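The values are calculated or read from the model by the stated rules, or taken from the named source; none is laboratory data. Given the structure is predicted, the values throughout are model-derived calculations rather than measurements. A quick note on method: Cβ atoms are made from the backbone with ideal geometry, for glycine too, and the neighbour counts reach across all protein chains shown.
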Amino acid sequence: IAGITQAPTSQILAAGRRMTLRCTQDMRHNAMYWYRQDLGLGLRLIHYSNTAGTTGKGEVPDGYSVSRANTDDFPLTLASAVPSQTSVYFCASSVDRQNYGYTFGSGTRLTVV
Amino acid sequence: GENVEQHPSTLSVQEGDSAVIKCTYSDSASNYFPWYKQELGKGPQLIIDIRSNVGEKKDQRIAVTLNKTAKHFSLHITETQPEDSAVYFCAARWDGGATNKLIFGTGTLLAVQP
């Protein structure tokens, strides 16, 4: 089934640890995005990639990094997790930066303790 | 920067009644306004969208209206059903040249009472 796969679905992480959230899509979409969802704040963009090999910062990029080595994968890394990074993380994609329809993954619930 | 405000934060209606969710945006250059439905434990799913050259769009029981002058847009759900219960997000597309992004509202929890 075409779509976006995120892993893990949930994770409890000790503060200070490094963590990579995985995102893979099989739709050959050029643009990919990482959002975090927090109660009362909606969805906020962390990082984006318009095409393989390029990345950019969103609204809340601090403490996060991304890479886009190929079209399908867009991992999000927390170098040293802090409790304020407790959130639900969603990966999304669109055909390209000019195509407006986003497809979202099912999310990763991360708790930093 | 771009900002999207969404109201109400929670909405409870009786099955069969209509529900209306409203959003306002700050950047008059925004040109695309999607609505997403998020069910518990799932990612947001696009349900309807409208572009700035259209004032209204309808798809069965859902419709979206756009007032560019006032910079607000609304989601209308008629004949609500229990399966419409979910969190709904509005968004506005912001194009910054080298980048573009969807700015989301803070969400509306819709509860349809049977």
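Data for the structure
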item: Only one of B:THR24, B:THR108 that is touching a Pro at 6+ places or on another chain (Cβ under 7 Å), within 17 Å of B:ASN3 (Cβ to Cβ) and among the hydroxyl-bearing types (Ser, Thr, Tyr); result: B:THR108
item: Residue within the stretch B:85-107 that is aliphatic (A, V, I, L, M), touching a Phe, Trp or Tyr at 6+ places or on another chain (Cβ under 8 Å) and either loosely packed, with under 14 Cβ neighbours inside 10 Å or free of Cβ contacts under 8 Å to residues at least 60 places away in the same chain (or both) present; result: no
item: Selection count where residues are over 17 Å from A:ASP38 (Cβ atoms), more than 10 Å from the chain's Cα centre (by Cα) and of a type outside the set (Val, Ile, Thr), scope the stretch A:65-92; result: 8
item: Of residues in the stretch B:35-61 being more than 13 Å from the chain's Cα centre (by Cα) and polar (S, T, N, Q), the one farthest from the other protein chains (Cβ to nearest Cβ); result: B:GLN60
item: Within the stretch A:62-73, tally of residues that are assigned to a loop (DSSP other than H, G, I, E, B), touching a strand residue (DSSP E or B) at 6+ places or on another chain (Cβ under 6 Å) and not basic (Lys, Arg); result: 1
item: Members of the stretch B:82-96 that are under 11 Å from the mean Cα position of the chain (by Cα) and either among the small types (Gly, Ala, Ser) or within 20 Å of B:SER30 (Cβ to Cβ) (or both); result: B:TYR88, B:PHE89, B:CYS90, B:ALA91, B:ALA92
item: Residues satisfying the stated conditions in the stretch A:88-113, i.e. within 14 Å of chain B (Cβ to nearest Cβ) and not in a loop (DSSP other than H, G, I, E, B); result: A:VAL88, A:TYR89, A:PHE90, A:CYS91, A:ALA92, A:SER93, A:SER94, A:THR103, A:PHE104, A:THR108, A:ARG109
item: Top-ranked residue in the stretch B:9-46 [being at pLDDT 95 or above and of a type in the set (A, V, I, L, M, F, W, C); ranked as farthest from B:ALA86 (Cα to Cα)]; result: B:CYS23
item: Any pair with Cβ under 6 angstrom, 6 or more apart, that starts in the stretch A:35-48 at a residue that is within 9 Å of chain B (Cβ to nearest Cβ) and over 15 Å from B:LEU109 (Cβ atoms) and ends at one that is of a type outside the set (A, V, I, L, M) and assigned to a strand (DSSP E or B); result: A:TYR35/A:PHE90; A:ARG44/A:ARG36; A:LEU45/A:TYR35; A:LEU45/B:LYS101; A:TYR48/A:TYR33; A:TYR48/A:GLY56
item: Test: residue in the stretch A:40-51 that is loosely packed, with under 13 Cβ neighbours inside 10 Å, touching a Ser or Thr at 6+ places or on another chain (Cβ under 8 Å) and part of a strand (DSSP E or B); result: no
item: Test set (1) more than 13 Å from the chain's Cα centre (by Cα); (2) assigned to a strand (DSSP E or B); (3) not hydrophobic (A, V, I, L, M, F, W, C) - B:GLU79 fails condition number; result: (2)
item: Inter-residue pairs, beta-carbon under 6 Å, first small (Gly, Ala, Ser) and surrounded by 13 or more Cβ atoms within 10 Å (Cβ to Cβ) and in the stretch B:9-28, second modelled with pLDDT of 95 or more and assigned to a strand (DSSP E or B), 6+ apart; result: B:SER12/B:ALA111; B:ALA19/B:LEU11; B:ALA19/B:VAL13; B:ALA19/B:ILE77; B:ALA19/B:LEU110
item: Flag for A:MET27 being closer than 12 Å to A:LEU76 by Cβ and in contact (Cβ under 8 Å) with a residue 60 or more places away in the chain; result: no
item: Some residue of the stretch A:15-28 being closer than 14 Å to A:THR103 by Cα, more than 13 Å from chain B (Cβ to nearest Cβ) and assigned to a strand (DSSP E or B); result: yes
